[in-house]
1. Magnitude of the Cβ-charge dipole of segment 40-170, K/R +1 and D/E -1, about the Cα centre, nearest 20 debye?
2. Give me the number: length gained by fully extending Arg2 to Leu55, i.e. 0.36 nm times residue separation minus the C-alpha to C-alpha distance, one decimal in nm.
3. Mind checking which of Ser48, Ser241, Ala199 is farthest towards the positive end of segment 2-244's charge dipole, using Cβ charges of +1 (Lys, Arg) and -1 (Asp, Glu) about the Cα centre?
4. Can you work out the base-10 log of I(q)/I(0) for the chain at q = 0.14 1/Å, using the Debye formula on its C-alpha atoms alone?
5. What does the highest-first list of 148-159, 75-86, 218-229, 96-107 look like by mean Cβ count within 10 Å?
6. Quick one: what are the phi-derived ³J(HN,Hα) couplings along segment 178-193, Karplus 6.51/-1.76/1.60 with θ = phi - 60°, whole Hz, x for glycine and proline?
7. Below 8 Å between Cα atoms, with a sequence gap of 6+, how large is the relative contact order for the chain in percent?
8. Would you please give the residues with an amide H less than 5 Å from that of Gly219, counting only those at least 5 places away or on a separate chain, with H modeled from the backbone geometry?
Amino acid sequence: MRICMMEGPADLLPEGATWEGIAERIGELAPDLLVTNEMPFGRWLAASPSYDPLLAAESVRVHEAGLEALAALKVPAIVSSRPVPVGGRLANEAFALQDGRYTGLHHKQYFPEEPGFFEATWFQPAMDGFKVFEAGGIRLGVLLCTELMFNERARRYGRDGAELIVVPRASGASTSRWLTAGAMAALVSGCYVVSSNRAGRTAQGQVFGGMAFAFQPDGEPLARSTDTESIVAIDVDPARSRAQQSRYPCYVRE
């Protein structure tokens, strides 16, 4: 099967020339599954250390419009995330769109709280996380950005039968730690790991590092985005993941 990963431009809107160019390129690559970056549309809320209900509501609205734009891509399966209202704050909800049908998959559970990423101020989960779902013909689990840093979650996905771990990110300028975490997640789970990231500078000056990447089930690099190719397609074979999960270190008992 073919999977697309991408660098999503900062402050992207689900309309206009930039979005149309992205949609055209995705159409050319014709993936079975598209993985976007974390909360791909509009302003990055967690740049602010104070919760603002008006900005929260605007982000919810732009991502609702984003659902229509994503569905119009006609990709068989898309995994992304969006903000949804929960108890006076927001949840960061990973979801799948399959032939236009929406399925909530996971609420982000682990949140940084530091300049540029005051996510604990803005978000709280209202759904248990870390379940395996089938999307686009492959069994997958979701780790939203910071969750990739917790190897026990990746390992459990492998034990629970996932063949792919998708990692929508909105991470900063440094990329080396994310590549290390992606390789380790693949190695301990025996899954393919595919991650898309927000890229560029926001109107407020915050920088996101881009670098979409994919790792093979044995932890070896498969592909990365580049300065000239911000949307990249890879081909994966779920049987390779299932075979790797019987090999070291996946077979080692906890």
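1. Working: 14 positive and 15 negative charges, 52 e Å.
Magnitude of the dipole: close to 260 debye.
2. Values: separation 53, 0.36 × 53 = 19.08 nm, distance 3.59 nm.
Residue separation times 0.36 nm, minus the Cα-Cα distance, leaves 15.5 nm.
3. Ranked along the dipole, the leading option is Ser241.
4. Calculated log10 I(q)/I(0) at the listed q: -0.86.
5. Working: 148-159: 19.5, 75-86: 22.1, 218-229: 14.2, 96-107: 16.6.
With the highest mean Cβ count within 10 Å placed first, the list reads 75-86, 148-159, 96-107, 218-229.
6. Each residue of segment 178-193 in turn: 6, 5, 4, 5, x, 4, 5, 4, 5, 5, 7, 9, x, 9, 5, 10 Hz.
7. Working: 611 pairs, mean separation 52.9, N = 254.
Taking the mean separation of contacting Cα pairs over the length of the chain, I get 21 percent.
8. The list, which skips near neighbours in sequence, is Leu187.
Each value in this text was obtained by applying a stated rule to the coordinates, not by laboratory testing. Quick caveat: nothing in here was measured; it's all calculated off a predicted structure. Quick reminder, even Gly has a Cβ in these numbers, built from the backbone with ideal geometry, and neighbours come from all protein chains shown.
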